[in-house]
Every structure is written in structure tokens, then in C-alpha cells.
Amino acid sequence: MIEIELIPLIILVPLLWASLAFIAGPAHGWKLALGGSTLQLVLAWRLAAEVGGGADRVHVPGGWEAPLGIALSADGLAAVMLLLAQGVALPLAFYARAYFARHPEGAHTFWPLTGFLLAAMNALFLSADIFNLYVTLELVGLAAVGLVASGGAGSVAAALRYLLATLLGSGSYLLGVALLYGAYGTVTLPELASQVTEASPPVAMLAAGLMLAGMAVKTALFPFHFWLPPAHGGAPSPVSALLSALVIKASFYLAARLWLALFLPLATPSWGQVIGVLGAAAIFWGSFMALRQARLKMLIAYSTVAQVGYLFLFFPLATHTEPAAAQSALQGVTLQALAHGLAKAAMFAAAGAVILSTGHDRIMQLGGITAHMPVTVFTLAIAGVSLMGLPPSAGFLAKWLLIDSAIVSGQWWWIVVMIAGGLLTAAYVFKVLRHAFLRAEQSEVYKPLPRLVEWPGFLLAVASLALGLRAAELLNVLGTP
Amino acid sequence: MTWNDALPLLVLSSSLLPGFIIFNLPEERRGMRTALNLAGAGLKLVFIAFMLWGVARGERYEFRYAIVPGLELVLRADALAMLFVTLSAALWFLTTLYAIGYLEGSPHRSRFFGFFSLCVTATVGVAMAGNLFSFFFFYELLTLSTYPLVVHRGKASTMKAGNIYLAYTLAGGAVLLTGVVWLYGLLGRVEFVPGGSVSVLGPAYADQLRLVFGLLVAGVGVKAALVPLHGWLPKAMVAPAPVSALLHAVAVVKAGAFGIVRIVYEVYGADFTHGLGLSAPLAVLAGITILWGSLRALFQDDLKRRLAYSTVSQVSYIVLGVALVGPIGTIGGLVHLVHQGIMKITLFFCAGNYAETLGIHKVSEMNGAGRRMPLTTLAFSVGALGMMSAPFTAGYVSKHYLTEGAAVAGAPWAEWVLLASSVLNAAYFLPILYRAWFKRQEDAWPEESIPRRGWLETNGLLLAPPLVSAVAVLAAGSLSEHPWSPLSWAKLIAERQYVSVER
């Protein structure tokens, strides 16, 4: 039997359909995207199954070994992130097709850019050298900026601001790469990992700071979040969903990967604490701002700022703590990334449905929405449960594991942060949901929608719920840090 | 999966699946909705009857499912679970009938009955949870599924009450979560076992365990409406009457009290709790709640608010029984779990009947109500006399064992608290009965919307449930020595708890 090489295929497939979609135009782009995304999901599934069986997989394109060639490798974390990316992309492809049928602005560039985005992101998850990672990071950023700009004249300012942030982030990262290369003469992760130790020169420390700061900007960690709400809130809804669910996870993945593989020997627990404090600030500031928004999409965008904060609690919980605490932290933060990815994609999809139906997304005017769009209301509710971290949901499981990690490592203050953050999340989620129960005062006009606008989001929300009921296999794929 | 594994799951599904289908039913499919509701409620009773019979013979019913390694969802039908499960399933059946009559013609019925089914599913899950994780799981599900019921009417005042309800219960849930994860961190797993399991940790952990106990009790104390965490309960009575009935008798408040029972007996163990010096403060807290609730009830003119404060007081009887440490007090507390449920649901059904039929919301409007609605008022009187612990009612049995338990535990102050509460109960219930039976009607009824037809003083579906539950109040009081009475079942549980402690 011929062994199919999964690793290159999962990068090449989206690249291929993106190029074809570029040639074929928007009328056929969605067919290519649907076929391609389905195939990618199957590939990611098989890769996860293989990684879950034990050994990490390594692929060497062209047969050139490191340090000359480019190394691609898949471990548990990469496999899980690949699964998330393809799992979110497929329902969103269905959604985007229905969305752009009603609201054609941006459809022209959506399919090719999304394909390139997925290809770059998959390559990022699989790359094992820091320069190659830079290239993929830049490609992800540019494709994402292009997608934001496709929203029309109103979103150019947001796109430019986003471009500035993403270039700042990757520039800072590249500087770090150059410093490391200068110091150690190699860019492959395994070789660097064997050389970076507690006794490393200060230049390694500087490189670590630059690279992590770059990732913090790209992930919109407080106080670098300034670009996120306008970009995510202003883009067409399918784009917002992709950006909030996946793109920021890519740069977070990179930060976590570098930390675990490279910088852990350099870091002191206080580094972790500092990053954790920024995460906590993100949770509070993002939630507070979300509560103050009058528009649904802006509320969801600020909620992303807050949820990103939970991801960064990984650093204090996994830096020189007991192995059990670090293990829980990695599992918890991965589940948080997945839960947020699925739930946030669902929420933006639902917000898009609201906009298509009513022509606006002002929260105050959503009275009577249940009667017209019950599926969308349930989507918002179920995704909200996951964001709040209440059972039964993946968000709950994530929070459980993170709190467990904080207890095992004796860092009770992060528990307070997470608990308070959960309550704030409930406050802004119910700010939206309460309209589902209010009597319809004003006679808002709700245009009926085709099913494919509402159901993909619902499925994503249900997935974030179902993951909270069955996560054993996933954690098995993830393995130990 | 054998039958014994599947039964707890079937009990859960018998309301979960109809709930899902009901959500998808169009508003006008009234017959289908009613059929689904009643079939679910009936089927659940059948399953539970079967399990009751099995548990009494020592059969084990347990469903286990690992979400992630080390974190299991466990549904187990032990004797204590059966006490609560039977109560909730029986009262759910009655409340479903009542709700069908009550919501006749009002909007959003599919939504209402959908969440109603979810709410009962969560309650049954709380009852059958076999470990602390599963308990928390269903406890939070209960919060989420009751919110839509509380705010069902969608008016501004309702939404405000809903916010308060959420603020209290979600904050309580967060505190509870901290305690639960903490205990899991210490023990690895926290199964509910008679006699508790934390005592293995040894004296070095005593302070941590006290703190965790505080977190757990504060968490469930919100739903159990322990003073000073009770503020949401009187506000939540803006909900429709069937919801109030369910909230006060079986679902939310009772889930909190049941949580305290589980934590004290099956996580910490009654004697270990006592050894840590935690039972006395809990008893004092319960005593304060009993008196404070009764005192506040005295001054409420709104009928449902008066009943709500009465719930605050009565639910802490259960907590007091638990905190008194000793088999007699345990029996009193556990039996009151059932007795308070059937008495309070009767009272809320009746309050709903007065409001729906005549528009009576206030005690001061009740003059002469007994002549217009004799059957309802009869049921109300039985419930109220039960609350005052009059002989031949369920309340008498509870009070008898609680007082006895206080005497055995050497806590004479608790006997005084119970006596004072009975006097206060009389002080706020007797004037209502006096007005209803002996005073003459002065003005027209505030809003008479259901006319009398023959002997039917109101809609039959509204009348039957309180009559049935009133009969149950009398039966539980007079037939308390019967082998299948709540009292006998409570004795069985107490026996199993204390035998295993001595072992």
C-alpha cells in the first residue's frame, strides 16, 4: 500500500484550490473551497489519528536534511491545531457561500485569500524552523489583511491599522530570528533547542523578548489589542469568523511553541507572571469594553480580546511549575483555543445572519429576534455558554483544567482572575441573550434567510458544546508537553 | 451496557429528548406538545418506580462516562438520590399538568416547555450525580435552564429579576467551582460515598479542608437561599406560578439544600464535619436563616413574596437537620426535603390559582376567597397547616424528628429556634386563612378571569394538582410509618449513612 504523505498535502491542497479559485472567479470559488476544505479535514483527521498513535511525524521536502533543507514536523499540538483550522474552515465555507450570495461585497477576493490563508496557517503549524515560521507568519498576516480590506471602503482604515500591527509583530519576530541565527548559526528548532540553555548569552534573552513581543502584538494581547476590534468588527462576517477563530490562534500557537521548545530554560517564573498579568488585564479590559458596546459585532470582537487573555495564562501556569500543573495548563489552554475558535466562529456567523436579516447589528433593537431567528439565538446562547465556561462545554473543560493547574502550582490569584472573568463574560453574553426573552416592542423587520446562513454557525456552536462531553481522544492526540 | 447501567440515563433522557423535540415544535401544535410532556413525565415515573423497587432490594444502578481521563460523569441511583429523584419526578408530573392549564393561550409555549424539560433534566441530574464533578455539571445546567423560565414573561421588571437571579447563581456557581476543583486537586476524585471520603487526607489538611468546605457551602448556599445569600429568591417570584412552584419545591432551592446534604454526608462525612468544627457554624447559620425568613415573611403583603420568604426559612430546616449530626436529626432533615416540597408546591399552586382566577396577588385582597374558591382554599389550608407543623400533616413529622434530633445533639437552642419558627409560621399563615374563610368579600375581585362552572371554581387543570399534593401532605403525615413513606425512606438512608460511618 502506498503511504500518503499527509504533511505536504495538507499545505498543498489549500494552495492549489486558492490558485484555481483565483482563476475561476467567485462564481466557482466556493465549489473549489468546499471540496478542498473537506479533503483537508480528512487529511487533518488522519494526521491526528497517526500522531495520537505515538510518534511525531517528520517530513523533509526534497530530501534535504536540516540544516540545509526545510523541516516540517507534526506533533500532538500541531495536529490538534490543524484539526481546529480545518474543522472551522469547512462550515464557514458553507456559510460564506450563503452569505456572499446575499451580500456580494468582498466575495471576489474571499475564496482565493481564504485558501492562501489556510495554506499559510497549516504550514505555520507544521514548520520546525524559525525562519520558515517567519515566512508563514508573514503570509498569514498578509492574507488576513487582504481579507479585512475586502470589506469595502469602510474597512480600509481598519485594514491599514491591522497591516501596521501585523508588520510590527512579524518585524519584531524577524529581528529575534536574526539575533538567534547570529548567535547559534542555525534556524532549525531542534538544533536551537539543544543549544539554548540557562547559560545562554544575553542576546538570546533579547531575541526571546523580541519574538514573544511580536507574537503578543499579532495575537492582540493587551495592551497591543488596539487593532483587533475595528478589524474583526468591521470585516465581512465570514472574514471576522476566520480571523477571530483561527488567525490569532496561529500566532499564539507560535508563542507557546517557542516557549516550550526553546525559551523555557531562559525564562524565570517572573517572566511567566508578567505575561500572565497582561493576560489578566486583557480579560478584564476586553470584557469591560465588550459590556459597553452597542453593536453586536463589536461586542464579539472585544470578547475576543478578553478570551485571548485566558490563552496567555498558559505562561505563568507552565513556567517551571510541577509537571502535573504544566500538563493541565497545556491541555487547558489547547481546549480553550479550540473552544474559543469554534464558539467565536459560531458567534460571528450568527452576527452575520442578524445583519443579513435586519440590516443592522444594534443590540438594543434585537427585541423579538427569537420568533424570527430561533436558530441564530440558540447559536449565540450555546456559543455563549462555552465562552462563559459553564458546563456542558469545551470552555468549561478548559477552565476546569486551567484552575486545576493553578491549584496544583499554588497560584491561586489566577483562579480569581478566571472566575471573575467568567462572570464578566456572563454579563456581556446575557446582555445580548436577554433580548431573546424581551417582548418585541418595536416592529423590527426580519427578512427570512436561507438555512445555510444560520445552520453552519449552529453546528460550530454545538461542536464547542460536544467537545466538552468528549475530549479524551483529543487530549490523547495532544500528548504531554 | 446493561439495563442497570442504562436506567439512570433513561431517567435523564425521558425529559431531555422530549425537551429537544418541543423546542422544534411550532407554537400551534398544542396536542403534540402536551402528549410529549405527559409521555416524558409519565415514562420518567415508570423508570423511577422500577429503580425504587430495585434500590430497596439493594440493586445498583450506575452509569459512568469519562469526559477526559480522571473526570467522570457518574449517574448513580443510591437511596439518597432516589429520595430527591422521586420527589422531583412526581412533582414535575403535577406541575406539567398545572402549567398546561396555566399557560393556556399565552405566547412562547414551545420555548417554555422546552426549557421546563431541560430544567427537570438538570434537577434529576443533580439528584443522581454520583460524584462532585457531575453534581457541579448539572447544578450549573440548572442555573442556565431556569433563567429562561424566570424571565419568561419578558417584561422590564422580569428582566431585572432575571439579572439578579443570574448574578447570584452564577457567582455562587463560580465559588462552588473553585471548591470543587480544589478538592479534586487534593483527592484526585471525589465520589459520593456514605461517610465521606475526605477524611483520608489527615490532620495536616484540616485548614485547607475547612476553607474548601466554606467555598462549597457558600456555592450551594446561594441556591439553598441561606441568609445572607437569599436575596434572589423573593425577587425571582416574578416568574409564572408553575415556575415558582417548581423553583421553590424541587428545582433550584432544593438542589442547593440537596448539595449541602451530599457535601456533609457523602463528601466530608457527618462525623468528620463535626470533627473539623464545621457543623456548629452551619447549624447556627441555618438557625439564623430559619428565623430571618419567617420574620421577613410576616411583613409581606404580596402573597408570593410571603411564600418566598417562607421558603427561605423552611429550606433551612433541612440544613439544620443535617448540621445537627446524628441519625435523628438526619432523618428530620431528609424527610423535610420531601415534605417541604409537597407542602410548598401546594401553596404555590394555590397562589397561582388565586391570581389566575380572581387576580388576587396580595394577602389583603383575600377576604372571602374561601367561599369563592373553597377547594383551592382547602388545599392552601392543608399546606399552611403543614408549614405550622400541625398534627396529621407532613410538617408535623419533620418537626418531630428535627426537635428530637436537636435534643439528642444537645442543642437546646435549636429546639427554641424550631418552636419560634412554628409560632412565626402561624403568625403569617393564620391571618391568610382567617381572611379567606371567615371574612366577607368587600370589593369586587381585582380581575376575575375564569368564571365558576358548577362546582368547578377554576380551570380543572389548575385545580387538580394542588388537591393531589394536599392529599399527599396529609398522607405523608398520617401514614408516615408505612414502609414506602418518605419517612421510612429517610430512615433507610440514615441507617446506611451511620452504619457505614461506624464500620
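When you look at B:Ala225, is it surrounded by 24 or more Cβ atoms within 10 Å (Cβ to Cβ), at pLDDT below 90 and among the small types (Gly, Ala, Ser), yes or no? Taking the combined requirement at face value, the residue does not satisfy it.
Do we have A:Ala426 as within 11 Å of chain B (Cβ to nearest Cβ), surrounded by 22 or more Cβ atoms within 10 Å (Cβ to Cβ), under 23 Å from the mean Cα position of the chain (by Cα) and not basic (Lys, Arg) here?
yes
Going through (1) in a helix (DSSP H, G or I); (2) at pLDDT 90 or above one by one, B:Phe392 falls short only on (1).
Tell me yes or no: at least one residue of the stretch B:487-498 is under 27 Å from B:Gly332 (Cβ atoms), of a type in the set (D, E, K, R) and crowded, with 17+ Cβ neighbours inside 10 Å. Yes, that holds for at least one residue. Scanning the stretch B:268-286 for residues that are touching a Phe, Trp or Tyr at 6+ places or on another chain (Cβ under 7 Å) and in a helix (DSSP H, G or I) returns a single hit, B:Tyr268. In the stretch B:95-111, the residues that are away from chain A (no Cβ under 14 Å) and surrounded by fewer than 21 Cβ atoms within 10 Å (Cβ to Cβ) form Cβ pairs under 6 Å with partners that are among the basic types (Lys, Arg) and assigned to a helix (DSSP H, G or I), at six or more places apart or across chains, as follows: B:Leu103/B:Arg109. Condition (residue is surrounded by fewer than 24 Cβ atoms within 10 Å (Cβ to Cβ), within 21 Å of B:Gly188 (Cα to Cα) and within 11 Å of chain B (Cβ to nearest Cβ)) applied to the stretch A:327-348: is it met by at least one residue? Checking the stretch A:327-348: not a single residue is surrounded by fewer than 24 Cβ atoms within 10 Å (Cβ to Cβ), within 21 Å of B:Gly188 (Cα to Cα) and within 11 Å of chain B (Cβ to nearest Cβ).
The conditions of being outside any helix (DSSP H, G or I) and facing chain B (nearest Cβ under 9 Å) are met by A:Arg439.
Entry remark, the stretch B:125-141: residues being at the interface with another protein chain (Cβ under 9 Å from one of its Cβ atoms) and not in a helix (DSSP H, G or I) number 0 in total. Look at (1) more than 8 Å from chain A (Cβ to nearest Cβ); (2) at negative phi and you find that B:Leu144 fails only one, number (1).
Considering only residues that are away from chain B (no Cβ under 14 Å), over 19 Å from the mean Cα position of the chain (by Cα) and among the hydrophobic types (A, V, I, L, M, F, W, C), which ones fall in the stretch A:445-481? Within the stretch A:445-481, A:Val445, A:Leu449, A:Leu452, A:Val453 qualify. Counting only residues that are farther than 26 Å from B:Thr346 by Cα, part of a helix (DSSP H, G or I) and at pLDDT 85 or above, the stretch B:51-110 holds 4 of them. A:Phe378 satisfies every condition listed in (1) surrounded by fewer than 24 Cβ atoms within 10 Å (Cβ to Cβ); (2) in contact with a Pro (Cβ under 9 Å, 6 or more places away or on another chain) except (2).
Each residue in the stretch B:217-266 was checked for being of a type in the set (A, V, I, L, M), assigned to a helix (DSSP H, G or I) and within 21 Å of B:His336 (Cβ to Cβ), and 16 of them qualify.
Out of all the residues in the stretch A:314-360, which are polar (S, T, N, Q) and under 16 Å from the mean Cα position of the chain (by Cα)? Explain how you work it out, then say what you get.
Just the residues of the stretch A:314-360 that are polar (S, T, N, Q), to begin with: A:319, A:321, A:327-328, A:331, A:334, A:336, A:357-358.
Result: A:Gln331, A:Thr334, A:Gln336.
Residue count for the stretch B:21-42, restricted to those that are buried (at least 18 other Cβ atoms within 10 Å of the Cβ) and within 19 Å of B:Ser88 (Cα to Cα): 4.
Screening the stretch B:173-198 for residues that are under 15 Å from B:Leu211 (Cα atoms) and of a type outside the set (A, V, I, L, M) and picking the one that is farthest from the other protein chains (Cβ to nearest Cβ) gives B:Gly179.
Conditions (1) touching a strand residue (DSSP E or B) at 6+ places or on another chain (Cβ under 9 Å); (2) within 28 Å of A:Gly272 (Cα to Cα); (3) not in a helix (DSSP H, G or I), marked per residue:
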{"residue": "A:Phe125", "(1), (2), (3)": "yes, yes, no"}
{"residue": "A:Val135", "(1), (2), (3)": "yes, yes, no"}
{"residue": "A:Gly141", "(1), (2), (3)": "no, yes, no"}
{"residue": "A:Gly146", "(1), (2), (3)": "no, no, no"}
{"residue": "A:Ser194", "(1), (2), (3)": "no, yes, no"}
{"residue": "A:Val203", "(1), (2), (3)": "no, yes, no"}
{"residue": "A:Met211", "(1), (2), (3)": "no, yes, no"}
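In the stretch A:137-154 there is no residue that is in contact with a Gly (Cβ under 7 Å, 6 or more places away or on another chain), at pLDDT 90 or above, of a type in the set (A, V, I, L, M) and more than 14 Å from A:Val239 (Cβ to Cβ).
Could you say whether any residue in the stretch A:275-294 is touching a strand residue (DSSP E or B) at 6+ places or on another chain (Cβ under 9 Å), modelled with pLDDT of 90 or more and either farther than 30 Å from A:His435 by Cβ or surrounded by 18 or more Cβ atoms within 10 Å (Cβ to Cβ) (or both)? Before the answer, list the steps.
Just the residues of the stretch A:275-294 that are touching a strand residue (DSSP E or B) at 6+ places or on another chain (Cβ under 9 Å), to begin with: A:294.
Subsequent filtering for residues that are modelled with pLDDT of 90 or more retains A:294.
Retained after the next criterion (residues that are either farther than 30 Å from A:His435 by Cβ or surrounded by 18 or more Cβ atoms within 10 Å (Cβ to Cβ) (or both)): none.
No; the residues of the stretch A:275-294 include none that is touching a strand residue (DSSP E or B) at 6+ places or on another chain (Cβ under 9 Å), modelled with pLDDT of 90 or more and either farther than 30 Å from A:His435 by Cβ or surrounded by 18 or more Cβ atoms within 10 Å (Cβ to Cβ) (or both).
From the list B:Val417, B:Val473, which residue is within 25 Å of the chain's Cα centre (by Cα), closer than 30 Å to B:Leu103 by Cα and either surrounded by fewer than 17 Cβ atoms within 10 Å (Cβ to Cβ) or of a type in the set (A, V, I, L, M, F, W, C) (or both)? The conditions single out B:Val473. Just one residue in the set B:Thr403, B:Thr458 is of a type outside the set (D, E, K, R) and under 28 Å from B:Leu94 (Cα atoms); that residue is B:Thr458. Restricting to the stretch B:147-166, name every residue that is assigned to a helix (DSSP H, G or I) and either under 16 Å from B:Ala241 (Cα atoms) or more than 8 Å from chain A (Cβ to nearest Cβ) (or both). Scanning the stretch B:147-166 gives B:Tyr147, B:Pro148, B:Leu149, B:Val150, B:Ala156, B:Ser157, B:Thr158, B:Lys160, B:Ala161, B:Gly162, B:Ile164, B:Tyr165. Residues considered: A:Ala383, A:Ala371, A:Ala420, A:Ala398. Of these, the only one that is part of a helix (DSSP H, G or I), at pLDDT below 90 and either closer than 25 Å to A:Ala471 by Cα or within 9 Å of chain B (Cβ to nearest Cβ) (or both) is A:Ala371. For the stretch A:401-417, a tally of residues being surrounded by 24 or more Cβ atoms within 10 Å (Cβ to Cβ), within 7 Å of chain B (Cβ to nearest Cβ) and among the aliphatic types (A, V, I, L, M) returns 1. Exactly one residue out of B:Pro18, B:Pro8 is buried (at least 22 other Cβ atoms within 10 Å of the Cβ), in contact with a strand residue (DSSP E or B) (Cβ under 8 Å, 6 or more places away or on another chain) and outside any strand (DSSP E or B): that is B:Pro8. For A:Leu449, state whether it is assigned to a loop (DSSP other than H, G, I, E, B) and modelled with pLDDT under 90. Taking the combined requirement at face value, the residue satisfies it.
The values are calculated or read from the model by the stated rules, or taken from the named source; none is laboratory data. On a predicted model such as this, the values are computed, not experimentally measured, just so you know. In this analysis, Cβ positions are derived from the backbone assuming ideal geometry, glycine residues included, and neighbour counts consider all displayed protein chains.
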